Amino acid sequence: MRDFSRRDFGKLAGAAGAGTLTSVAWGNFAIAQGAAKVVIVGGGAGGATVAHFVKKEAPNLDVTLIEANVIYSSSFFSNLYIGGFRTLESLNHGYAGLRRLGIKVVHDFATDVDSTKKIVRTRGGRTYAYDRLVLSPGIDIKYETITGYSRDAARGMPHAYNTNATQKRLLKQQLQGMRDGGTVVMVMPNNPFRCPPGPYERACMIAHILKTRKPKSKLVILDPKRAFSKQPVFTEAFDKYYKSIIDLNLSTEIDDYSVISIDPKTKEVVTRAGKKVRADVANIIPQQRAGEIAAKAGVAEGDWCPINAENFSSRKVRDIYVLGDAAIAAEMPKSAFSANSQAKVVASDIVAALAKKDKFEPRYRNTCWSLLAPDDNVKIGANYTPKDGKLDPSGSFVSQRGETADVRKQNYQESIAWYDSITAEMFAKPGPAAAAKKAG
Ligand SMILES: Cc1cc2nc3c(=O)[nH]c(=O)nc-3n(C[C@H](O)[C@H](O)[C@H](O)COP(=O)(O)OP(=O)(O)OC[C@H]3O[C@@H](n4cnc5c(N)ncnc54)[C@H](O)[C@@H]3O)c2cc1C
């Protein structure tokens, strides 16, 4: 028997730094020996955090994390790698810290869920029984939404929009290898998609590389949307830093800049209104859906998964939780910060339910930072509470045009601290505070 106090939780959450703290209230309770099985599919921003918090909270629970990859290569901060502000290696994280806590980390691909027998099957031929199942599989790319695009075509025209390190490396190598005077084309996705400001931060990072290394080159952006996240500060940056480089094409009423086909051989992209652009480098970011295990488990409705806003349990199948990008968490955006915040609520809910304790009022939070140029970073965020089946935002904030260099630099420093904090939480690494103490 073990008691988990608010002080313990404070220590655990505090190790992660201020940026990622969630405001879930945790109670004092105990978990019996030989307790229930929790299986988590997907060891990313959502799943790894759930595994950490459930095990830390209730060490006697049998926690299994099924993750396809041995190394997690984070999508968040991958734009900084493209822009030359980080190495690819700095995005890589392993699972040793979670194993040290006693979590069974299995590197395999979950292929099916039988929610009647309450088992998960894997490609490796194993089955895992669960009392509670958590799905945080992130996104799958909907290649079929653009004629000519496919998993194969992505080897020549990368999306670089998931945890696949090869895709990120490919985009960067193609940009490095392009002639000065070449054309980069970015094809933007329609809502909803992973990380609403992500493609526009990437546009800044690509433009930064072109400006500093290949100034005669162009970046053509083809966008099916009429508006996008943090648009005023992004367009200010496009004008201020990249005026002669970025050619932004936002759609009007008829989705004219929605890309309908590409030719993988010539790298020509064609929009609905008939505009054709030949790319030297094409970064195609298509529509997305929840990772396929969600549909296999029966928790998806269309592309995404409906959840109960108070705890991210599936609205469709009992004893399954879905969080992170796979869930319909409107108004919360699909971000690592959101997934991490949701994960703490899910972990709290699972432990409370299995220990038959009362549930506490959940509160969620998100902040997304974007780097526009060296030391110039902007942010957007809000708190969220469940209301009428949705997540109601409050205390929203967003960076404004014309802010001082000091403010923007401070945002950048905050974002770096956040990256260290969230990855420390996900992978149960010593947090920045603990690491500093050790060094001192
Ligand atoms: C370019 C870019 C920039 C971004 N920048 C930011 C940012 O600055 N801030 C921010 O908060 N967010 C950012 N994001 C968004 C963030 O990366 C995602 O929102 C977040 O990773 C979602 O977490 P998740 O747990 O849903 O999915 P993921 O973190 O993608 O984790 C899913 C995991 O599940 C595994 N998996 C999937 N299916 C299976 C299966 N069947 N069996 C076993 N394993 C499986 C995958 O291998 C993966 O490791 C960015 C994204 C991109 C693409």
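Kindly check whether there is at least one residue in segment 61-81 that is farther than 16 Å from Arg132 by Cβ, assigned to a helix (DSSP H, G or I) and either charged (D, E, K, R) or more than 6 Å from the ligand (Cβ to nearest atom) (or both).
Let us first name the residues in segment 61-81 that are farther than 16 Å from Arg132 by Cβ, namely 67-81.
Pick out the ones that are also assigned to a helix (DSSP H, G or I) and you get 78-81.
Filter once more, so that each one left must be either charged (D, E, K, R) or more than 6 Å from the ligand (Cβ to nearest atom) (or both): 80-81.
Checked segment 61-81: at least one residue is farther than 16 Å from Arg132 by Cβ, assigned to a helix (DSSP H, G or I) and either charged (D, E, K, R) or more than 6 Å from the ligand (Cβ to nearest atom) (or both).
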**Study point:** All positions within segment 404-431 that are in contact (Cβ under 8 Å) with a residue 60 or more places away in the chain and not in a helix (DSSP H, G or I)
**Key:** Ala428, Lys429, Pro430, Gly431
Review point. Looking at (1) outside the structural domain of Arg123 (by TED's automatic domain parsing); (2) out of contact with any Gly (no Cβ under 9 Å at 6 or more places or on another chain); (3) of a type in the set (Gly, Ala, Ser); (4) under 22 Å from Phe193 (Cβ atoms), which is the one condition that is false for Ser261?
Key: (2)
Practice item. Any chance you could count how many residues in segment 350-390 are surrounded by fewer than 24 Cβ atoms within 10 Å (Cβ to Cβ) and outside any strand (DSSP E or B)? Key: 15
Practice item. Return yes or no: is Ala339 over 16 Å from the mean Cα position of the chain (by Cα), part of a helix (DSSP H, G or I), crowded, with 18+ Cβ neighbours inside 10 Å and not β-branched (Val, Ile, Thr)? Key: no
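Hey, among Thr111, Thr87, Thr64, which residue is free of Cβ contacts under 8 Å to residues at least 12 places away in the same chain and on the phi < 0 side of the Ramachandran plot? Outline the logic, then answer.
Numbers: Thr111 fails: free of Cβ contacts under 8 Å to residues at least 12 places away in the same chain; Thr64 fails: free of Cβ contacts under 8 Å to residues at least 12 places away in the same chain.
After ruling out the rest, the residue left standing is Thr87.
Would you tally the residues in segment 272-313 being assigned to a strand (DSSP E or B) and touching a residue at least 60 places away in the same chain (Cβ under 8 Å)?
Start the filter on segment 272-313 by keeping residues that are assigned to a strand (DSSP E or B), which leaves 276-278, 281-284, 288-290, 301, 304-307, 313.
Going one step further and asking which of them are touching a residue at least 60 places away in the same chain (Cβ under 8 Å), we end up with 277-278, 281-284, 288-290, 304-305.
Counting residues in segment 272-313 that are assigned to a strand (DSSP E or B) and touching a residue at least 60 places away in the same chain (Cβ under 8 Å) gives 11.
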Check your understanding: Do you know which of the residues in segment 43-60 that are aliphatic (A, V, I, L, M) and either more than 8 Å from the ligand (Cβ to nearest atom) or not assigned by TED's automatic domain parsing to the domain that holds Ala428 (or both) is surrounded by the most Cβ atoms within 10 Å (Cβ to Cβ)?
Key -> Val50
Study note, to complete from the structure: Residues of segment 297-308 being within 16 Å of Pro362 (Cβ to Cβ) and more than 19 Å from the chain's Cα centre (by Cα), in sequence order, are Asn308
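Looking at Ile254, is it under 18 Å from Asn191 (Cβ atoms) and touching a helix residue (DSSP H, G or I) at 6+ places or on another chain (Cβ under 7 Å)? Before you say what the answer is, go through the steps one by one.
Numbers: under 18 Å from Asn191 (Cβ atoms): yes; touching a helix residue (DSSP H, G or I) at 6+ places or on another chain (Cβ under 7 Å): no.
Judged against the criteria, Ile254 is not a match.
Out of segment 177-211, which residues are touching a residue at least 24 places away in the same chain (Cβ under 8 Å) and either acidic (Asp, Glu) or away from the ligand (no atom under 16 Å from the Cβ) (or both)? I'd like the intermediate steps shown before the answer.
Residues of segment 177-211 touching a residue at least 24 places away in the same chain (Cβ under 8 Å): 178-211.
Selection gives Met178, Arg179, Asp180, Gly181, Gly182, Thr183, Val185, Glu201, Leu210, Lys211.
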Check your understanding: Do we have Gly97 as in a loop (DSSP other than H, G, I, E, B), out of contact with any strand residue (DSSP E or B) (no Cβ under 6 Å at 6 or more places or on another chain) and not charged (D, E, K, R) here?
Key -> no
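Test Phe238 against the stated conditions and say whether it is of a type outside the set (Val, Ile, Thr), within 16 Å of the ligand (Cβ to nearest atom), closer than 24 Å to Gly381 by Cα and surrounded by 18 or more Cβ atoms within 10 Å (Cβ to Cβ).
On the way: of a type outside the set (Val, Ile, Thr): yes; within 16 Å of the ligand (Cβ to nearest atom): no; closer than 24 Å to Gly381 by Cα: yes; surrounded by 18 or more Cβ atoms within 10 Å (Cβ to Cβ): yes.
Considered against the rule, which asks whether it is of a type outside the set (Val, Ile, Thr), within 16 Å of the ligand (Cβ to nearest atom), closer than 24 Å to Gly381 by Cα and surrounded by 18 or more Cβ atoms within 10 Å (Cβ to Cβ), Phe238 comes out as no.
Can you tell me which residue in segment 343-371 is farthest from the ligand (Cβ to nearest atom), limited to those that are touching a strand residue (DSSP E or B) at 6+ places or on another chain (Cβ under 6 Å), at pLDDT 95 or above and more than 18 Å from Asp131 (Cα to Cα)? Talk me through it step by step, then tell me what you get.
First, pick out the residues of segment 343-371 that are touching a strand residue (DSSP E or B) at 6+ places or on another chain (Cβ under 6 Å): 346, 350, 363-371.
Filter once more, keeping what is at pLDDT 95 or above: 346, 350, 364-371.
After this cut, where a residue has to be more than 18 Å from Asp131 (Cα to Cα) as well, the list is 364-371.
Working: Tyr364: 13, Arg365: 11, Asn366: 7, Thr367: 8, Cys368: 5, Trp369: 6, Ser370: 7, Leu371: 9 Å.
Ranking the qualifying residues of segment 343-371, first place goes to Tyr364.
The values are calculated or read from the model by the stated rules, or taken from the named source; none is laboratory data. Small disclaimer: the values here were computed from a predicted structure and weren't measured. Methodologically, a virtual Cβ is constructed for each residue, glycine included, from the backbone with ideal geometry; neighbour enumeration extends over all protein chains shown.
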